[in-house]
């Protein structure tokens with residue numbers, strides 16, 4: 001009897017185990033459904049792309065990196081005058097500003113720093129940086145011409161009195177001719193309308209032109225155009241700044257100087273003579289990643305450059 005009971009119990013246990021195994025294998029859908037739902041729930045945060053994008057947005061609470069030009073720069077001289085950064089007490093550019101010695105250096109600095117602001121010649125503007133509108137007006141040759149874009153200044157050719165070098169005279173005539181002014185317009189500056197066609201003597205010789213880094217890109221094109229007509233001309237181009245361009249023309253270091261500003265009274269008194277080569281706008285630039293600003297007023301620009309406003313969200 002005991003043996004029969006033991007056999008019955010063993011058989012019952014085997015059947016019970018088989019039933020459990022059968023139940024687990026026969027209902028895969030019911031067990032997989034919660035697992036599937038669990039996976040979907042765990043992946044939900046990863047699918048929230050807007051949250052990730054928001055984390056990568058421009059942080060307007062960051063400090064503004066102010067980028068300016070060196071003291072002798074004509075672009076700086078015109079900029080601080082036109083924006084009110086310079087007053088009766090002098091140049092009030094914040095001491096925290098990073099100083100760069102050329103147009104390209106300013107552009108590179110702003111292109112590599114999303115918090116930066118700088119200013120450059122309109123003719124040098126490219127897609128590596130973003131030009132903001134000023135008081136609602138975009139910088140362009142058209143807005144400089146009609147006067148609606150107020151940050152504009154002349155590009156000047158500078159000589160010590162009236163030029164006497166035969167090649168210098170011929171080259172300046174070319175720059176001011178219809179051909180030369182057309183080059184200025186093609187390069188994004190504002191050339192004079194109605195200039196006469198060039199009628200030069202094309203003398204042999206060599207001269208040196210030097211000064212403003214803002215004028216240099218245009219001057220390089222003008223030299224190329226002239227030398228294509230006069231293979232006997234050797235014209236050396238040296239890039240420094242406007243102040244050295246004027247002083248170099250006066251002391252004979254340069255046959256022709258370049259200045260991206262008006263001449264100072266003391267420079268005129270010393271014999272410097274300026275000829276307006278073209279008009280140029282000064283573009284205020286920020287990094288393309290800066291979504292905090294697309295337009296600035298003159299007063300906002302001044303406030304940034306004198307250090308009154310130090311973060312983008314304070315504008």
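The values are calculated or read from the model by the stated rules, or taken from the named source; none is laboratory data. All of these numbers come straight from a predicted model, not from anything done at the bench. Note that we place each Cβ from the backbone using ideal geometry, even for glycine, and neighbour counts take in every protein chain shown.
Kindly check whether there is at least one residue in segment 121-143 that is surrounded by fewer than 23 Cβ atoms within 10 Å (Cβ to Cβ) and more than 31 Å from the chain's Cα centre (by Cα).
Looking for residues that are surrounded by fewer than 23 Cβ atoms within 10 Å (Cβ to Cβ) and more than 31 Å from the chain's Cα centre (by Cα), one finds none in segment 121-143, hence no.
For segment 209-233, which positions are outside any helix (DSSP H, G or I), out of contact with any helix residue (DSSP H, G or I) (no Cβ under 7 Å at 6 or more places or on another chain) and surrounded by fewer than 23 Cβ atoms within 10 Å (Cβ to Cβ)?
230, 231, 232
Working only within segment 189-208, note down all residues that are under 32 Å from the mean Cα position of the chain (by Cα) and outside any loop (DSSP other than H, G, I, E, B).
190, 208
Suppose we filter 248, 307 for residues that are at pLDDT 95 or above, within 17 Å of residue 86 (Cα to Cα) and either part of a loop (DSSP other than H, G, I, E, B) or out of contact with any helix residue (DSSP H, G or I) (no Cβ under 9 Å at 6 or more places or on another chain) (or both); which single one remains?
Among 248, 307, only 307 is at pLDDT 95 or above, within 17 Å of residue 86 (Cα to Cα) and either part of a loop (DSSP other than H, G, I, E, B) or out of contact with any helix residue (DSSP H, G or I) (no Cβ under 9 Å at 6 or more places or on another chain) (or both).
Those residues that are assigned to a helix (DSSP H, G or I) and closer than 23 Å to residue 246 by Cα, I need them from segment 75-99; list them, please.
75, 76, 77, 78, 79, 80, 81, 82
Among the residues of segment 269-291, is there at least one that is in a helix (DSSP H, G or I), surrounded by fewer than 24 Cβ atoms within 10 Å (Cβ to Cβ) and more than 23 Å from the chain's Cα centre (by Cα)?
Taking every residue of segment 269-291 in turn, at least one turns out to be in a helix (DSSP H, G or I), surrounded by fewer than 24 Cβ atoms within 10 Å (Cβ to Cβ) and more than 23 Å from the chain's Cα centre (by Cα).
Quick one: residue 180 ticks every box in (1) in a helix (DSSP H, G or I); (2) without any contact (Cβ under 8 Å) to a residue 40 or more places away in the chain bar one, so which box is it?
It is condition (2) that residue 180 fails.
On the given criteria, is residue 236 part of a helix (DSSP H, G or I), in contact with a strand residue (DSSP E or B) (Cβ under 8 Å, 6 or more places away or on another chain) and without any contact (Cβ under 8 Å) to a residue 60 or more places away in the chain?
No: the conditions fail for residue 236.
For the list (1) closer than 19 Å to residue 255 by Cβ; (2) in a helix (DSSP H, G or I), I need the number of the one condition that residue 185 fails.
(1)
Of all residues in segment 63-85 being surrounded by fewer than 20 Cβ atoms within 10 Å (Cβ to Cβ) and in contact with a helix residue (DSSP H, G or I) (Cβ under 9 Å, 6 or more places away or on another chain), which is nearest to residue 151 (Cα to Cα)?
82
Hey, any hits in segment 200-223 for a residue that's closer than 28 Å to residue 145 by Cβ and out of contact with any strand residue (DSSP E or B) (no Cβ under 9 Å at 6 or more places or on another chain)?
Within segment 200-223, one or more residues are closer than 28 Å to residue 145 by Cβ and out of contact with any strand residue (DSSP E or B) (no Cβ under 9 Å at 6 or more places or on another chain).
Limited to segment 119-161, what total is found for residues that are part of a strand (DSSP E or B) and either free of Cβ contacts under 8 Å to residues at least 40 places away in the same chain or within 20 Å of residue 218 (Cβ to Cβ) (or both)?
Number of matching residues: 13.
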